1. Defining the label point at 7 Å along Cα→Cβ, can you sort the distances from B:Ser150 to the same site in each other copy, shortest first, in nm?
2. Rounded, prolate or oblate: pick one for segment C:242-291, where a ≥ b ≥ c are the square roots of the eigenvalues of its C-alpha gyration tensor, a/c under 1.5 means rounded, and failing that, prolate if a/b is larger than b/c, else oblate.
3. For segment C:115-130, list whatever residues lose no less than 30 Å² of accessible surface once every protein chain is in place, relative to that chain by itself, with the probe at 1.4 Å.
4. Taking each label point as 7 Å beyond Cα in the direction of the beta carbon, state the distances from A:Ala36 to the same residue in the other copies, shortest first, in nm.
5. What are the trypsin sites (Lys or Arg not before Pro) within segment B:1-83 that DSSP puts in a loop, where the Cβ has at most 16 other Cβ atoms within 10 Å?
6. Enter the mean number of other protein chain beta carbons within 10 Å of the beta carbon of each residue in B:209-220, as an integer.
7. Mean Kyte-Doolittle hydropathy of 0.5 or higher plus an axial Cα length of 24 Å or more: which whole DSSP H helices in chain B meet both?
8. How high is the relative contact order of segment C:194-278, given as a whole-number percent (alpha carbon pairs under 8 Å, six or more residues apart)?
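The values are calculated or read from the model by the stated rules, or taken from the named source; none is laboratory data. Since we're looking at a predicted model, the values are computed, not measured. Note that each Cβ is placed from the backbone with ideal geometry, even for glycine, and that neighbours are counted across all protein chains shown. Accessible surface is based on the protein model in full, side chains and every heavy atom, while ligands, DNA and RNA are left aside. Shrake-Rupley method; radii C 1.70, N 1.55, O 1.52, S 1.80 Å.
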Protein chains: 4
Amino acid sequence: MSSSFGTLFRVTTFGESHGPAVGVVVDGMPPGIAVAAADVQRELDRRRPGQSTLTTQRQEADRVEILSGLFEGVTLGTPIAMLVRNTDARAEEYEALRDVFRPGHADYAYQQKYGVRDHRGGGRSSGRETAGRVGAGALARLALATAGVSIVGGTVQVGAVKAVRRDWDEVEKNPVRCPDAGAAVEMAGVIEAAREAKDSVGGVVEVVARGVPAGWGDPTMAKLDALLGAAMLSIPATKGVEIGEGFALAARHGSETNDVLEGGRYRTNFAGGIAGGISNGADVVVRVAVRPASSIGRPQVAATKAGGTTTIAIAGRHDPCICPRVVPVAEAMMAVTLVDAWLRQRALRGREK
Amino acid sequence: MSSSFGTLFRVTTFGESHGPAVGVVVDGMPPGIAVAAADVQRELDRRRPGQSTLTTQRQEADRVEILSGLFEGVTLGTPIAMLVRNTDARAEEYEALRDVFRPGHADYAYQQKYGVRDHRGGGRSSGRETAGRVGAGALARLALATAGVSIVGGTVQVGAVKAVRRDWDEVEKNPVRCPDAGAAVEMAGVIEAAREAKDSVGGVVEVVARGVPAGWGDPTMAKLDALLGAAMLSIPATKGVEIGEGFALAARHGSETNDVLEGGRYRTNFAGGIAGGISNGADVVVRVAVRPASSIGRPQVAATKAGGTTTIAIAGRHDPCICPRVVPVAEAMMAVTLVDAWLRQRALRGREK
Amino acid sequence: MSSSFGTLFRVTTFGESHGPAVGVVVDGMPPGIAVAAADVQRELDRRRPGQSTLTTQRQEADRVEILSGLFEGVTLGTPIAMLVRNTDARAEEYEALRDVFRPGHADYAYQQKYGVRDHRGGGRSSGRETAGRVGAGALARLALATAGVSIVGGTVQVGAVKAVRRDWDEVEKNPVRCPDAGAAVEMAGVIEAAREAKDSVGGVVEVVARGVPAGWGDPTMAKLDALLGAAMLSIPATKGVEIGEGFALAARHGSETNDVLEGGRYRTNFAGGIAGGISNGADVVVRVAVRPASSIGRPQVAATKAGGTTTIAIAGRHDPCICPRVVPVAEAMMAVTLVDAWLRQRALRGREK
Amino acid sequence: MSSSFGTLFRVTTFGESHGPAVGVVVDGMPPGIAVAAADVQRELDRRRPGQSTLTTQRQEADRVEILSGLFEGVTLGTPIAMLVRNTDARAEEYEALRDVFRPGHADYAYQQKYGVRDHRGGGRSSGRETAGRVGAGALARLALATAGVSIVGGTVQVGAVKAVRRDWDEVEKNPVRCPDAGAAVEMAGVIEAAREAKDSVGGVVEVVARGVPAGWGDPTMAKLDALLGAAMLSIPATKGVEIGEGFALAARHGSETNDVLEGGRYRTNFAGGIAGGISNGADVVVRVAVRPASSIGRPQVAATKAGGTTTIAIAGRHDPCICPRVVPVAEAMMAVTLVDAWLRQRALRGREK
């Protein structure tokens, strides 16, 4: 059950990096919503490898095939299964890593957990698994649009460079997917430098949901903060998440950071649109810490299955900074989380809220 | 279903701040484990109000009553229900707030969600709900102990003051619950200053699990990072969570931060003991951002249910900094999360791992 | 997690027969519904022991205490915890059975499962656990009433005697809870005969939901038939369930049993109000096979924990036929199942259906 | 979420009868188990249409494609996605039924539930959905085999003809899949007669699990009876389920039907191998009532979407009795249910039980 997310809008991904395919089943998509394969493909294209020199050069067209759940272009309310074939799998390149646990990767943990693993490109732990998430997110966005909710996102930090502006229209105009055109240039430089050094660099991705009405999410265990936190930390290579002002609130006082409601709107948004686990009508703002990609070209010491160590240099096709490709994934996970919260609120109150 | 957490070790809390009682049902506790009420009471005592001048002066003995699931001092494997009566509920003090939405609180969000709310002390959104979590955590700790896992935690930041040392034996020796005796003094000063200013201050809590073997947690959607993230962000007043080095990884390179395994142990622990969502045998390290408590004595503008605004000053019994009391809650939620992961790994492999 | 039922309306029971208390937490009750303790007590009184000579003489007042989830007489949408103390527990009577596995009972299975068990009166496997279900059912009925749905039920077979009529107003007028006054007299005779013979006798209980609109329930795995089947077979001592004509359909032809819709209503109801797992607007009709109670006064051979056998005669307080007391439990479980289906349909369509 | 079954071994099916494909994702398959496509194909071949004149003549090869979760012939512990293409879909044949609600079918209920439906061959409500279940069941059987558990099943009633013998080796030797060779001939006659009369006939299917140790299943809400009941009643066209002697117990006394344990084995098996919801070491025995197939060639009155009625005769490819094809599906659902119970027991006790 580890591969499912959500209660009423339930997303289940499958697939290994170098197996036949990756994909997703989305169960709980509301009926009667127009969906075209192009709607899904557009989001997959934002995630797929090879978009620029800043990302991996693995060549995957990532063409989606929709297997179920649609009839005459409209959702049936039944499960929507979607499939992307792996076409540029090069298993032989990984043969040397069959009995090696790469530093920073999940190789050792998988081996200890399962007693068996697919060593080719990370297998299930590969970022390729996120194709299914993005497919699901495309559906979630279409559902949310009927509720007036839209989601934007971008890379707001790479290395030490931070975006100052949040010009969301800028995001798709630069390869870093940064909402600050000036910072984007600097960030691209940092990424190129990492790539040239056969290294990788981390960053931060921010996603924002606009138009979420007050009342989505639940108190206590299923707080919207908690569900969004789980959604984000389920994305490969993420190691932190914050809502609204997040960790910066640690150094602040209540008199400064208590959001005040006035005339049905909040004057400030320190809480990131969520109070007591429930949306309060302000923008929902989430930031995700993305670690440097573990695959780097530099020689590294690595443990072997036999118990010793060896030196490896991971050749080839990896991302020097995965933030640009995490952006559509984080947006997708936010969309998936919010649809679920929306449907739960509809269950609670029996009408559109 | 919003009040439950976990799959195989399932914790369900109930209760409002000023209702008859708060409590918890724990379903999935392994059978045959010795449990005494004192084991639970000890943890509840760490969470209860009125422990020092740094915390709220509400007087609650928080005496636990165990209603089920034990027989002759041993767990039966059946649900364990536990109850704490609310004895110092002063509903009348809140009458003035019946139609007011307090700044920073969840009042407005609850009203919009449910159309009805218990305005007395936050009702369900009160920190009192966490008594049930701590009770569940006490059981989880006993279960984990049989697997060789222990959990420590403490306040590592208050305002701008950060702990440098991690001397866990120090934690219960100072009222801040800080693992750095020197920093604890400074932190106490910051908290006292906030209290005198009728204000509140935020902070950061860190929890660490020791002895977790490699192999707990699941890939993709139920990553241990994700479950711990949800666990922490379900605690009232938390707005951020990070695993291992967390947000600091954004500014680093892969060549610096790839944890290297050698001789079955990791040399470093940037990943906080979790790789690909699965424990890797290193300490599991989680930090939680705690916002300043929303209840402050200073006059604040507040919205009214009628649509206008008023000025309020919240008299009396609130925490100037809730970090010291979040510590046992965060430990409890980590314990609860890890027991669940442990049981799932037992299901997967059919033997103790 | 074995003690929970439902997804959006989630019922979690707790308690052993001779422990301090039995009870329930209901999470997902819609907000804004008026609930009085008397509403719950009335249903509990229908289930409690000692109502007539046809049932066990254990003396339990079964007074409910509501611990949370209500405010000024109205549901908050938060968990409702309810408690019934065990007052007539006579643990000493069971001492002789500490190391004996009673025939027909779950003693051996519990021992093998858990390695430990509460031997006093069946512990968790006792019918006393159903008090929590009935409490939850009382809430579910109140919720369903707002949707125009009501539930009736009765004993329709005892031994070889079958009810012919379905006069639901008759049910509470006879101690068998049979909707056929004539058959009720015969049934009472069969039960009395069993009691005098220190034996027990089985029967069938029928429950019917009226006013369920078309569209509740889900296709495939969560068919309304399946959920009702699980609900009924989770009741102690049940060994069969059928929807509509059930097993009688095995001997029929499609041309006879295909329900025909005409003018928005079904002419017949062979399918028991559910088609393809979804309610079709006709009455939902479910029957449950109830086995003879396992506790009987006659001497029986019983296995011992040591591996041998002994002879036991279970003295005292047991039901010669549990059907009259299963009726409110089966009604409760149907109510619980239908509320969940209703809420899920509200989630799907976003308005009252 | 309606398309998923199970907690630790989670089966999610997808697909419409006349869409591109049907399939399944199995999440929770234990790692390290050898699986060949042929293992799955063999079970699918038992379910697929066109096996004899007693079943539908729709031509579907039902070739399985395994998309994930295997590596070098062994399960990885990750989700296993499987796909069967629909190749003999003849959507045009259903055009006349676009706005008609067929008697006995789920057409009307789907329309009321979703507001939209795929009218072609029942869409999601078609028996074709069960291909995914059978694929999952094939995996479940391989897992259970490692625990020493095997499953058999057969048609034990068609119309008024009941099997007397339970010679499970006989099942695959006759097209009815009856474990009684003599009864099989009679049953085949009944089915042929129904087919010639353009009608359909019901029956009963029995499935038995052998080798289940005591201790699987849970008390109260997740009783093994309840889970098996849900599993069976989730199969299309089923309207009843009984465990062990089931409904026959209603007419019996406790002194006759209390199973007595002696020397670690039960002398009798009235309870069908389950006591208090937990397996007791005896064979687990379940029977399922199968209604006559709703599709029949005879003219029938049918409601139209516009609110009137029409007369329809369903031409062509349908099953006069679906019991022979329900057998592998019921076996699959039992296997799926038992694997889940097994894994949960491993979680509880931490070792093979």
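1. The answer, with the shortest distance listed first, is 5.1, 5.5, 6.3 nm.
2. Here segment C:242-291 falls in the oblate category.
3. C:Val116, C:Asp118, C:Arg124
4. Distances to the matching label points in the other copies: 4.7, 6.0, 7.1 nm.
5. B:Arg63
6. Values: counts 0, 0, 0, 0, 2, 6, 8, 3, 3, 9, 19, 19.
Mean shielding count: 6.
7. On the way: long enough: B:323-349 (38 Å, 0.53).
Result, helices passing both filters: B:323-349.
8. Details: 61 pairs, mean separation 29.4, N = 85.
Once normalised by length, the contact order is 35 percent.
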